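Right, one structure below, let's go through it.
Throughout, read-outs are computed from the coordinates displayed, never taken from laboratory work. Please read these numbers as outputs of a predicted model, since none were measured by experiment. FYI the Cβ positions are ideal-geometry reconstructions off the backbone, even for glycines, and counts take in every protein chain you see.
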Amino acid sequence: MHALRTTGHQTIPAVAARYRNNFLKEVEAHVEDGEWVKMCMQCGVCAGSCPLGAHWEHPPQELFMMIRAGKRAEVLTSDAMWMCTSCYNCVVRCPRKLPITQIMHGIASYAQELGLAPEVQPTRDFSIQFWKNCTKTGRVNEMKLTVGLYFKDGLVAGIKQVMNMLPVALGLMKAGRLNPFELLRGHSPKDQKGIAAMLKRARAIEAQRAPVTH
Amino acid sequence: MAQKEYAFYPGCSSQRKASAANYMTSVAAMCKTLDIKLTDIPDWNCCGASIAYAGGGELERVVMNARNFTLAAKHLPDRDIVATCAACWLNSRESKVKLDGNPQLLAHANEALKEAGLHYQGSAPVRHMVEVLIEDFGYKELKKPVVTSLAGIKFAGYVGCQTNRPFGIAGESFENPMYLDKLVEAMGGEALTAYDQKVTCCGGALAFSEPDKSQKQIRDVVESAYDHGADMLVTPCPLCQANVEVYQSEINRKQGTNFHLPIVYYSQLMAVAYGGSVKAAGLDGHIIAPTRLQEIATKK
C-alpha cells in the first residue's frame with residue numbers, strides 16, 4: 001500500500017490536530033446529498049455490489065461511518081470514492097435508499113474543492129478534463145479528450161499509449177467514429193457565449209451557497 | 001401507423017463522426033420504418049455525463065440540462081424529450097428530478113439560465129428511446145414491419161448500467177431486465193436469456209482513467225457471452241458499445257485472450273430486420289465487424 005500524496009499535504013496535520021466532531025454536519029451542509037449519510041445502517045450491500053469493490057480503500061458504508069466518527073482528513077484525502085464508476089448498483093440495492101453514487105461524487109467533489117483530493121488520481125484528472133472539455137464550447141470534443149488523456153503524463157508516455165491504441169484509433173476513423181479534424185474544430189452549439197455566462201453565474205451562486213468555513 | 005413526434009436530445013457521441021455515429025444512423029433507419037419523427041432540440045448542449053463531478057458543481061451540471069429542457073419547451077412544446085444515449089438520459093432525468101423537487105435549486109438554476117436568456121418552467125418527461133419503443137409501440141407493433149428475420153443469430157443482451165439503474169425501464173427488474181431479450185426475439189433473433197453479465201458495469205468513464213480495473217469488467221462481459229455461445233452482444237448504451245468493442249484488442253494484447261466479439265445496438269438489429277442495408281443500419285461503423293448481421297442485411 002503506497003502512502004497517498006495529497007494536494008493539501010501541508011494543511012493535513014493542522015486539520016487533524018484540530019479535533020472535529022462536527023464533520024457529519026459539515027458533510028450535510030456541503031456535500032451533494034450529504035444529508036443522507038446518517039441514514040446508513042452499515043449493512044455493506046453497497047460494498048458487495050460495487051464492480052470495483054476490491055479497489056476501494058474504504059467501501060461506502062465505511063466512509064459513512066468514518067464521517068459520523070469525525071474522521072475528516074481520512075475521508076477527504078482517501079482515493080476510495082474516486083473508484084466509483086457511476087453504475088448505480090449500490091443505489092438500487094441499498095435497503096435505506098441512500099443515493100450512494102451521488103454521495104460518492106459529492107464527497108470526491110468536495111475533497112477536490114478543498115484541495116484535499118489525492119494529487120495522483122487518474123479519475124480525478126479525467127473528470128476535470130471532461131468538464132473543461134464539454135464546457136469549452138458546450139459539447140464534448142472526443143478527439144481532444146482522447147489526445148488529452150493519452151498525453152497527460154508527458155510526450156513519451158503519450159506516444160507509447162498512442163502506439164498501443166493506434167490500430168483501434170485507425171479502425172475508429174475508418175468506421176467514421178473518430179475525426180482527427182476535431183483537433184482543429186469540433187461540434188459546438190451556437191450560443192457558446194450564453195452557456196459560458198450561465199455557467200459562470202452558476203459557479204458564483206455555488207460559491208455563495210456553500211462557503212467553506214474552517 | 002400514426003406518426004409520433006418527439007423532441008430529440010442526440011447527445012455528443014451521436015454527432016457526425018463521433019463515437020456513436022453509427023448508432024444514430026441506425027436509429028434514423030429504425031425511426032423511418034416506425035414513422036417516428038425526431039426533431040433535435042435546437043442548440044442543445046452536453047449533459048455533463050456522470051464523470052464531470054469533480055470539474056462542475058451540482059448547480060453547474062443541473063443548469064446544463066435545464067438549458068436543454070428550456071429550449072425543448074420553448075421550441076418543441078408538448079413533445080416528450082427522447083435521448084438515445086444512456087448517460088444523456090440518466091443525467092437529464094436526474095437533473096429534472098432535482099429541479100422539479102427542489103425550489104431553491106430551481107431558483108438558482110433560473111438565476112443562471114437568465115444569463116443565457118432562458119427561464120425553466122417545467123418540461124415534458126425525459127425518456128430513453130427504448131422506453132418509447134416499448135411503451136409507445138410495444139413488442140407486437142415493433143414486430144409488424146419485420147421483413148428480414150434474424151433467425152439463427154444468437155444475441156447476448158448486454159443492458160449495462162445506466163439504462164437500467166437507477167431509473168430503469170418501467171416494469172423491469174434491476175437485476176435481470178428482460179426488455180433487450182424481448183426486442184431480440186421480436187426481431188426473430190435468438191436471445192440468450194441466461195447470459196449472466198447483462199447488467200455488469202463496463203467501467204464507464206473509468207475505462208479511460210483506470211484501464212486495468214475496467215478491462216477486468218469488460219473481460220467478464222465478453223467471456224460470459226462466449227460461454228453462452230453468443231454470436232454478438234447487443235446493447236442500448238453508446239459507452240458500453242464503445243468500451244466493450246474498443247478494448248477487446250487491448251485485453252488480447254495484455255492477457256493473451258483471443259476476443260473478437262461484435263457489439264451492436266438494438267437499433268442496428270431492428271434496422272436490419274426492417275430491411276435496412278449495411279450502411280443504413282450503421283453496420284459499416286465497427287472495428288469488429290458484425291459479419292452475421294452484415295450477411296443478411298439488404299444488399300444495396
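Using a 7 Å offset from the Cα along the Cα-to-Cβ direction at both residue B:299 and residue A:97, what is the distance between the two label points in nm, to one decimal?
Placing both labels 7 Å beyond Cα along the Cβ direction yields 5.8 nm.
Given points 7 Å out from each Cα along the Cα-Cβ axis, report the residue A:41 to residue B:28 separation in nanometres with one decimal.
With each label point 7 Å from Cα toward Cβ, the separation is 5.2 nm.
Please average, across the residues of B:208-216, the number of beta carbons from any other chain that are within 10 Å of each residue's own beta carbon, and give a whole number.
5
How many nm separate the modelled label positions at residue B:144 and residue A:144, each set 7 Å beyond the Cα in the direction of the Cβ?
Spacing of the two 7 Å Cα→Cβ label points: 4.7 nm.
Taking only DSSP H segments of four or more residues, each worth -39500 (n - 2.57), what value at 222 nm results for the protein assembly as shown once the sum is divided by all its residues, to the nearest 500 deg cm²/dmol?
Taking each H run of at least 4 residues, the total per residue is -14000 deg cm²/dmol.
Taking H as built 1.01 Å from N, whose amide H comes closer than 5 Å to the amide H of residue B:5, not counting residues under 5 places away?
B:37
Specify which residue in the list B:84, B:273, B:255 is farthest towards the positive end of the charge dipole of the protein assembly as shown, using unit charges on the beta carbon of Lys, Arg (+1) and Asp, Glu (-1), about the Cα centre.
B:84
Separation of the stretch B:77-126 and the stretch B:12-65 by C-alpha centroid, Å?
One Cα centre to the other: 14 Å.
Using the alpha carbon gyration tensor of the protein assembly as shown, what are the three equivalent-ellipsoid semi-axes (square root of 5 times each eigenvalue), largest first, in whole Å?
For the protein assembly as shown, the ellipsoid semi-axes come out as 37, 26, 22 Å.
Would you work out if the stretch B:146-296 is rounded, prolate or oblate? Take a ≥ b ≥ c from the square roots of the eigenvalues of the alpha-carbon gyration tensor; rounded if a/c is under 1.5, else prolate when a/b is larger than b/c, oblate otherwise.
Oblate, since a/c reaches 1.5 and b/c is not below a/b.
R0 = 45 Å: FRET efficiency of residue A:192 with residue B:135, Cβ-based, nearest 0.05?
The pair residue A:192/residue B:135 has a calculated efficiency of 0.80.
Taking a point 7 angstrom from the Cα of residue B:260 along the C-beta vector, which residues in the stretch B:286-300 have backbone N less than 17 Å away?
Within reach of a label on residue B:260, which here means backbone N under 17 Å from a point 7 Å along Cα→Cβ, the stretch B:286-300 contributes B:286-295.
What does the C-alpha gyration tensor say about the overall shape of the stretch A:122-207? Classify as rounded when a/c is under 1.5, otherwise prolate if a/b is larger than b/c, or oblate.
oblate
Sort by residue number and report every cysteine in chain A with no other cysteine beta carbon within a distance under 4.7 Å.
If one checks each Cβ against the other cysteines of chain A, A:40, A:43, A:50, A:84, A:94 turn up with nothing under 4.7 Å.
If you take the square roots of the eigenvalues of the alpha-carbon gyration tensor of the stretch B:105-200 and sort them as a ≥ b ≥ c, do you get rounded (a/c under 1.5), prolate (a/b over b/c) or oblate?
Prolate shape, in that a/c is at least 1.5 and a/b is the bigger ratio.
Note down the relative contact order for the stretch B:200-300 as a percent, whole number, built from C-alpha pairs under 8 angstrom at least six residues apart.
With pairs under 8 Å counted, the relative contact order is 22 percent.
Report, for the protein assembly as shown, the % of DSSP beta bridges that are antiparallel, rounded to 5.
Roughly 5 percent of the DSSP beta bridges within the protein assembly as shown come out antiparallel.
Over the stretch B:30-135, what is the mean sequence separation of C-alpha contacts under 8 Å (at least six apart), divided by residue count, expressed as relative contact order in percent?
After rounding, I find 33 percent.
Quick one: which residues, 5 or more positions from residue A:120 or on another chain, have an amide H under 5 Å from its amide H? H modelled 1.01 Å from N in the peptide plane, none for Pro or chain starts.
Amide H neighbours of residue A:120: A:5.
Per residue of A:166-176, count partner chain C-beta atoms within 10 Å of its C-beta, then hand back the mean as an integer.
5
Percent relative contact order of chain A, based on C-alpha pairs within less than 8 angstrom and at least six residues apart?
Dividing the mean separation by the residue count of chain A yields 20 percent.
When chain A is modelled as a GNM with alpha-carbon springs shorter than 10 Å, which of A:140, A:27, A:75 fluctuates the most?
A:140
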